[in-house]
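Reading through the structure tokens given below for one structure.
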Amino acid sequence: MKKITLTVFFILLLFPFQASANEKALKDDINAKVTQLASLLRDSYAQEYPEFRGIQILKNDNEDLIVATAVFTIEGFAGGNNYTQFLAVFSKLSGESEGHPKRLSLVDFMAVGGKGERIIEFKQIKINKMKNEILITVPTLEYGPNDAMCCPSIKSKAQFTIEPYEGNRLKEIKQGKRAKK
């Protein structure tokens, strides 16, 4: 009986590690794709720092990926000290065929913040599925009339929508307009 209990205990221990390994592999794939995208967007002076990325993944009830988002920052364009924050959306769009699993594809990206505009709090991204659309909400710090360029002080949030299929565009929902429920 003791051997059976120990065996069951060890088997149960393996399940979270499998889910954790899949999650890590998915985040590694997203990180690799964000690195590629950032290298295409930056100039020879600009830098992107992978440790300052925010990645959020939305899965369905079967634990299949619906969409993943990443917020990343590129700073130092043209040798200056400005920075721009980008939001990228990824999904598994390709069909699965023999020997070729579904691939994680970039759906769209856009500049969403930066020096003098607003700061995106990249570690607190929220994603919700609404009918065919995905609603992405990120906390922001907006500039007040007396704020220095380094330090926006007004807490707010920005919302974006996208339908996760090829060719669709990421859109910001402006303040005052509500997303469809």
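Computed from the coordinates by the stated procedures, all read-outs in this text should not be read as laboratory data. Everything numeric here is computed off the predicted structure, so don't read it as measured data. Here the Cβ positions follow ideal geometry from the backbone for every residue, glycine too, while neighbour counts run over all protein chains shown.
Length gain on complete extension for the stretch Asn60 to Thr137, per 0.36 nm per residue less the alpha carbon to alpha carbon distance?
25.9 nm
How high is the FRET efficiency from Glu23 to Lys155, r the C-beta distance, R0 45 Å, rounded to 0.05?
So the FRET efficiency works out to roughly 0.90.
Using 7 Å Cα-to-Cβ label points, what is the Lys123/Asp43 separation (nm, one decimal)?
3.2
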